[in-house]
Structures are given as structure tokens and as C-alpha cells.
Amino acid sequence: MRIAIHTLLVTTALASGCRIGFDSNPADETTASDAAPDDTAPVLDSPTTPAKISALRRATQVEVGGSVNRLLINGSIMYAATTRPTTQLVVFDISSGTPIEIGQAITAGAARNLAIAGQRLYVTTATGGDDLEVFDISNPAIPSKILGIPAADTANGVAVNNGRAYVTSNSLGDDLEIFDVGDPTSITKLGGLNLVNVQYVNALQFNGNQLYVAGQRFAAVDVAVPSAPRPLSDFGFYWYARDLQVVGNRAYALEDNNNNSDQLRIFDLSNALAPVQIGAGRLYDSYGRGIAIAGRYAFTVCAPQTNAGGEIEVFDVSGTGVPPLVARASLGTDGLAIAVQGTRAFVGLANNSGPEIVVFDILP
């Protein structure tokens, strides 16, 4: 197995930390970009998120008891994949804007990633046993495990499409595995692929029926024949991507490196099999961990190389070139996960014997 190396109104005033690299003139950093915003660029339909964002305000926080590796919102329910020793899958009601824990479940190991399809929740874990687990969430307060199966290695990313679960890992064998989950009580592996040029595969997303994976490289994969998936194109990162979001005909990848190279990358997917990079920026003294897209904005969280603590930052990604920073806030510790709904951003943090979920108001 390969090992990956790894306030309370905050305005757009810039400071050192995990911010995108722009022109060297700090006074221009909040507005300057390589190209004007493209009003035709596809964006996520999020009508309750402000059309213009100017600031973030820390609203509330929740102690979880372990690192929060992933957050997934489904209506008024938020699922958290955590390292909490007792119950790694934690369920919150967020209808009031403040997360209220209403349910939990034990997973085979530290929970890493989440995907939902219908009334089923798919969880990948850091274990040598059930690396992929399926839960019945018809009653979100009582997640019920249906089945768990091993993957080629400790599982990272998971996506579900048309009755199939796609799981990525850092395996020397099949970095990408495809499972038939039509009957969750009897899951079978359909095929796999050794992504030689896409190591440390952490994230994957579908755009329609087209699969994209992100690791050391960003690649489109043909999965029409699940027994024989084929990589169709790829784009190399300096190190490897931690998270990936696909919205409309654009993909947004967040890279984990601190080597003065671009880490937030934006791809045009107009030609689905030949992604073209149309925007990028650098995160200074930090490692990108999680990204969420809402409207014309990308919300990112990071874990700095220094001990200064992570940040949440918001960028306008509607144009091309270098995306301008519009808001930022300190987290106090490493940021690992991000989810956005309406006028609130939910951030998952590394375990710091304090709150591991922090909620921010998004201000116009």
C-alpha cells in the first residue's frame, strides 16, 4: 500500500495563510483576475446562496470527538464521516442552521468518504476489512448497516451511478473498482483498473454518465463496460488532488501540495474526454483538503504547513484564469471538509479536543 505524504466577522482583508496566489500587489488581490467573469459559465443551482458574497461570519460550532473527514448534506440532514472512536458515522439535523446530532453508526474503521443514492448511504473506511459499507438511511436517525465488503486496499473515494458503486484506493492493484450494488445484500465486483498514472486516487465524480477521477492526475474514465474500464485522458498535477467537484461543464480539483505550484485547478469539460485547464491558482503555505461549489463560488478549506491553523476561503470561479478571493476566515486548526447549503457553510476540522464542526454565515 502506498502512503500519501501529506473572528467574528471576517472581511476580505488579505493576510498570510492558505490564500490563492495573485499578482504581487496585495491591494488588487480581492478583485484582480486574469479574465472577466463569464456569465455563461455553468453554476450550481443554489438560489438561496447569496449571488454576491463579501464576508463570512462564524455562527456556531459542534464538538464531535474526532476528525471530520467528509460532510454530505441531503435536504435537512447532514452526514459526517469521522474518526470518532465510538461511532464514526454521525448524523445531524441542520434544519435550524445549527447541527443537532440525531443519529450515529459504527463503521469498520475511520470513515473517509460518503455517497448517497436513494435511501442508501455508501461509506468508505480506513480498514483492511469492510472498506465499502452500505447503510439503509430510510430513517436517518437510525442508519442500519446492510452489508460491507473489502476493496483492493483502504478505500478513499466513492461515487454511485446507475446501480454501481465506484471506489478508489491507493492500491498497487486496482486503484479503481466497480461494484454492482443493485442488490445491497449481495454486492459483486464487476471490474477494476490499475490507474498507473493516477496514483493516490482520493476523489471521483460523475458528470452524467462520464466518470472523472483525481489523484496524481485528473482523468476521464470510460466505464461503459464495467468489466473493462479504460482511462481516456489525463492531466498531471504537481503532487495529487485531495478533492474534486464537477458542476455543469466544469471540474474543480483541489491539490495537496506546498511546492509553489497551482493547487486550485479549473477544467473545461465541453469535450468530455479531453478536459482543458482554464483556471488555476496557488495556495500559499497550505495543503488543500476540501472544496464545495455553490453558485459562482468555490468554497475551500485547507491545512497549512505551519501550525497557524487552517482557513476557509471563497473564490469567484465564474471566469477563467486566476479566480479572485472574495472572503476568508480562520479555522484555528486544520480544515478537512466543507459543505454548503443556502447561506451557511459547514466546515469539518481535524480533531483538536474542541469543536470539529464550525458553521459560518455567508454574507452578501
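Observations
- Only one of the numbered conditions (1) more than 21 Å from Ala152 (Cα to Cα); (2) at pLDDT 90 or above; (3) crowded, with 21+ Cβ neighbours inside 10 Å is violated by Ser270, and that is (3).
- Selection over segment 91-117 of residues that are within 20 Å of the chain's Cα centre (by Cα) and not β-branched (Val, Ile, Thr) gives a count of 10.
- Selection count where residues are over 16 Å from Gly281 (Cβ atoms) and part of a strand (DSSP E or B), scope segment 313-351: 15
- Residue, nearest to the chain's Cα centre (by Cα), within segment 297-317, restricted to residues that are surrounded by 24 or more Cβ atoms within 10 Å (Cβ to Cβ) and farther than 22 Å from Asn352 by Cβ: Ala298
- Subset of segment 185-200 that is within 20 Å of Thr127 (Cα to Cα) and touching a Lys or Arg at 6+ places or on another chain (Cβ under 9 Å) - its residue that is surrounded by the most Cβ atoms within 10 Å (Cβ to Cβ): Tyr200
- Gly321 vs. criteria on the phi > 0 side of the Ramachandran plot and either touching a Gly at 6+ places or on another chain (Cβ under 6 Å) or modelled with pLDDT of 90 or more (or both): yes
- Boolean, Ala117 is closer than 15 Å to Val167 by Cβ and aliphatic (A, V, I, L, M): yes
- Lone unmet requirement of (1) surrounded by fewer than 21 Cβ atoms within 10 Å (Cβ to Cβ); (2) modelled with pLDDT of 95 or more for Pro85: (2)
- Strands (runs of 3 or more DSSP E) enclosed by segment 152-268 - at least 3 residues per element that are within 19 Å of Ala81 (Cβ to Cβ): 155-161, 164-169, 203-207, 241-247
- Taking each residue of segment 148-165 that is modelled with pLDDT under 95 and of a type in the set (D, E, K, R) and looking for partners that are in a strand (DSSP E or B) and surrounded by 21 or more Cβ atoms within 10 Å (Cβ to Cβ) with beta-carbon atoms closer than 8 Å, six or more apart or interchain, yields Asp153/Ser169.
The values are calculated or read from the model by the stated rules, or taken from the named source; none is laboratory data. These figures come from a predicted structure and were not determined experimentally. Positions of Cβ are generated from backbone atoms using ideal geometry, with glycine treated the same way; all protein chains shown enter the neighbour counts.
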